[in-house]
Amino acid sequence: MKEYKLTPLPLTKEAFAAFGDVVEVPDAKQSAQDGSADSSLIMINGGNTERYDSLVNVELEAAGGKSETHAVINIFRAQPRPVSKDLAMDIEMVERHPFGSQSFHPLSGEEYLVLVADAVEELTPENLHLFIARADQGINYHKNTWHHPVLGLNKVCDFLVVDRKGGGNNCEEYFFGEDVKIQITC
Ligand SMILES: NC(=O)N[C@@H](O)C(=O)O
Ligand code: NI
C-alpha cells in the first residue's frame, strides 16, 4: 500500500488563496510598509472599536433557483482529534459545499489544522494540502473547496461558523480508496 504523510504549512493568505480566504485582522505593519491604508478598517462606536469590514464575501447560490437561501452563523463544538509528530491521524475523506462558502473562526484559543485539496474531480492524496492555523486566524472555504471536516486538536474546540442554509445537497463527500493510507502529523 502506498503511504502518504502530510505535515502542515503555516496558514497564510498567499498559501491558502487557491482554496479560500484567511480571516484575520489585516497586518497593520504590511499596510504601513506598502503605504496602503487598510481599506477594511472602519472606526465605529465613537472611535472605541475597529471594525475590519467585509473581510470575506459569503458565497450563496440557490440550488435550482427555487430554494430560500440565506447565510447562517453557527457554533461547531469539535471533539479533540489529537495529532502530533508521534501521533498520526488517518484521513479517509474530504467534502465540499457546491452552493456556498463556509467560514470557521476559533473561539477556544487553540491552534487547529486545516486540510484542503486542489479543485480536481479525481482526487489523489497528492492533491491534499495541510495547514496549521493560529488561534487568531479564521478561514473561509470558497464554495466547492474540498476540505476535511473541522479538526480541533488537543481539547474540545468551539468554532463560530458562517455558511449557507438552503435547498439542494450542499455537502458532497469524497472517500479515498482502500489502496492508500493517508496520515497527518504536526
Ligand atoms: N457538515 C458540517 O456541518 N460540517 C462540515 O461541513 C465541516 O466542514 O466541518
Ligand atoms: Ni464543511
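The values are calculated or read from the model by the stated rules, or taken from the named source; none is laboratory data. These figures come from a predicted structure and were not determined experimentally. Quick reminder, even Gly has a Cβ in these numbers, built from the backbone with ideal geometry, and neighbours come from all protein chains shown. Side chains included, ligands, DNA and RNA excluded: accessible areas come from the protein's heavy atoms. Shrake-Rupley method; radii C 1.70, N 1.55, O 1.52, S 1.80 Å.
With a 1.4 Å probe and every protein chain kept in, tell me what percent of the accessible surface of the chain is carbon plus sulfur.
51
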- How much accessible surface does residue 69 have with a 1.4 Å probe, in Å² rounded to 10? 30
- Hey, what's segment 53-167 come to in accessible area per residue, 1.4 Å probe, Å²? 47
- Out-of-range pairs (alpha-carbon distance over 23 Å; input 85/143; 85/155; 5/143): 85/143; 5/143
- Note on the structure: In nm, the gap between the two label points placed 7 Å beyond Cα toward Cβ at residue 5 and residue 53 is 4.9
- Message: Shape verdict for the chain, please, from the Cα gyration tensor: rounded (a/c under 1.5), prolate (a/b greater than b/c) or oblate.
- Response: oblate
- Pick out, in residue order, every one of the GluC sites (Glu not before Pro) in segment 100-186 that is DSSP loop and has at most 12 other C-beta atoms within 10 Å; say none if there are none. 121, 122, 178
- Nearest-10 value in Å² for the accessible area of residue 39, using the 1.4 Å probe: 110
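Starting from the residue with the highest accessible area, list 96, 77 in decreasing order, probe 1.4 Å.
Ranked list, largest accessible area first: 77, 96.
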- How much accessible area does residue 9 have with a 1.4 Å probe, in Å² rounded to the nearest 10? 100
- Task: Arrange the residues 165, 155 by how much accessible surface each exposes, largest first, with a 1.4 angstrom probe.
- Result: 165, 155
